[in-house]
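What follows is a short report on a single structure.
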Amino acid sequence: MKTEVLDAGSIAAYDEEVDVLVVGLGAAGAATALGAREAGADVLVVERAGGGGGTSAMSGGVIYLGGGTALQKACGFEDTPEEMLKYLQASIGPGRDDAKLELYCDGTVEHFDWLVAQGVPYKETFYYGQSGEPPTDDGLVWSGSENVHPFRDLAKPAPRGHVAAVPGAAGHKIMSVLCEAVERSGARTAFNTTCSALFQERDGRITGIRLETFGESRTIRVRGGVVLTTGGFVLNDEMLDAYVPAARKCSMRVAADGDDGSGIRLGMAAGAGTRHLDKVSVSLPVTQPWDLKAGLLINAQGQRFINEDAYYGRLGDYALLRQEGRCWLIVDDEFYTPAEYGFELVAVGETPAELGRELGLPEGALESTIDVFNLHADRGEDPLFGKREPYLKPLRTAPFGAIDCTTENARYAVFTLGGLSTDVDGRVLDPEGRTIPGLYGAGRATSGLAVGGYSSGLSLGDGTFFGRRAGRTAATS
């Protein structure tokens, strides 16, 4: 649907009024509505689908939390906001928003308690051996690269993936709890409803919105603010071509139907600035189960380019964005086990040389890579990339195999990270950093915590934490 920004002076009378209007009912939208209701606001949440959930309901349900949450302590792990901040600063890297990161790390323990208070259940058990959501109902997992090179030497490692107590993907459980909480709060909801226009005063303030429901329009005057929580833009090919064309190569776009950038484009039409529209998270889950971390991930030149024990989101970023999706995981018969998610053996050889020829690699390249790795692995070392035990195993047992990790044949899962520019309270900013009064944002419609170097759970953590803040701010404006 076409969206536009109209002169508020053209409206003689609105059909109704609210304090805060939230566009989108995923995790960020639900948290925004709850934050606004906690501040006493009259809240209306509109959602283009027939019910709440969005991409959040489709997710694994991991929420990245730390600093010493009750769940971490119950599972026997020590953590502090300072160590959590050091890891996130290092893993996210350049372009990060330190003000948001510091606020999040300082408030993450309280945020976990808030989620529990809403009714999200957590089992006080730790699961080892899976990145992201476990196949069990265990509550705590490793969900990033905290325990691998180079981050384990930069910050004290601790698992921070908090997963609701249901086996496998838990996003649906989190969203059912949050949607029920929204309903209990007294916030009103309108489904099958889209935003087709914002109304803006001459001084730039957003004071109204036009909604469409089954072809019928109505206008709403908004006293406090409109909060855009509409998701990212991974389903919008034109935006991907403009900002991050490499994402088009990925076979799986992690998104509900609404992740088409409509909220981002609507904010831009109102004068909003954007940040990091060229950033995506790319997962390459070829090392599930973790025994496959003993393999060697090589590029089209037959060379390693990363420590294979890293989080699969880091593997995906390096494989797609640095190697153009031309890579293979080399295994031998001692530790090979079929990979999950449909990764297939594309070549087998009795020797590394034979395998290299099967893959069309430069002559001698694969043999050299394996020889160098084996030389150091025999000593318990990986001086090139810092891979650690128990995955530091020489490859000597024939036959040797190559698991296909090319974008043409392997599962690459992608979603966008960039969006509207906002401050720590969710106020949308123009390109000069000035606030656009009455306009707020949260979740993947905004540029939040992760602008690279993703760890599982940062989107749900970012969206719910800063959604609460945006809702409170809009309610009191």
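The values are calculated or read from the model by the stated rules, or taken from the named source; none is laboratory data. These numbers come from a predicted model, not from an experiment. In this analysis, Cβ positions are derived from the backbone assuming ideal geometry, glycine residues included, and neighbour counts consider all displayed protein chains.
One line per residue, one yes/no per condition, for (1) of a type in the set (Val, Ile, Thr); (2) at pLDDT 95 or above; (3) within 16 Å of the chain's Cα centre (by Cα):
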{"site": "237", "(1), (2), (3)": "no, yes, no"}
{"site": "269", "(1), (2), (3)": "no, yes, no"}
{"site": "277", "(1), (2), (3)": "no, yes, yes"}
{"site": "280", "(1), (2), (3)": "yes, yes, yes"}
{"site": "291", "(1), (2), (3)": "no, no, no"}
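Please tell me if residue 291 is of a type outside the set (Phe, Trp, Tyr) and either under 30 Å from residue 159 (Cα atoms) or touching a residue at least 24 places away in the same chain (Cβ under 8 Å) (or both). Reasoning before the result, please.
Values: of a type outside the set (Phe, Trp, Tyr): yes; either under 30 Å from residue 159 (Cα atoms) or touching a residue at least 24 places away in the same chain (Cβ under 8 Å) (or both): yes.
Judged against the criteria, residue 291 is a match.
One line per residue, one yes/no per condition, for (1) under 26 Å from the mean Cα position of the chain (by Cα); (2) farther than 25 Å from residue 438 by Cβ:
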site: 177; (1), (2): yes, yes
site: 180; (1), (2): yes, yes
site: 193; (1), (2): yes, no
site: 213; (1), (2): no, no
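Pairs linking a residue in the stretch 119-130 that is under 16 Å from residue 160 (Cβ atoms) to a residue that is of a type in the set (Phe, Trp, Tyr) and surrounded by fewer than 19 Cβ atoms within 10 Å (Cβ to Cβ), with Cβ atoms under 9 Å and 6 or more positions apart or on different chains, are 126/77; 128/290; 130/290.
Does residue 218 satisfy the criteria of being farther than 30 Å from residue 82 by Cα, among the basic types (Lys, Arg), touching a residue at least 40 places away in the same chain (Cβ under 8 Å) and part of a strand (DSSP E or B)? When the stated conditions are applied, residue 218 passes them. Checking the stated criteria, residue 319 turns out not to satisfy the condition of being out of contact with any helix residue (DSSP H, G or I) (no Cβ under 7 Å at 6 or more places or on another chain), outside any helix (DSSP H, G or I), crowded, with 23+ Cβ neighbours inside 10 Å and of a type in the set (A, V, I, L, M, F, W, C). Residues that are at pLDDT below 95 and surrounded by 24 or more Cβ atoms within 10 Å (Cβ to Cβ) number at least 3 in none of the strands (runs of 3 or more DSSP E) confined to the stretch 413-471.
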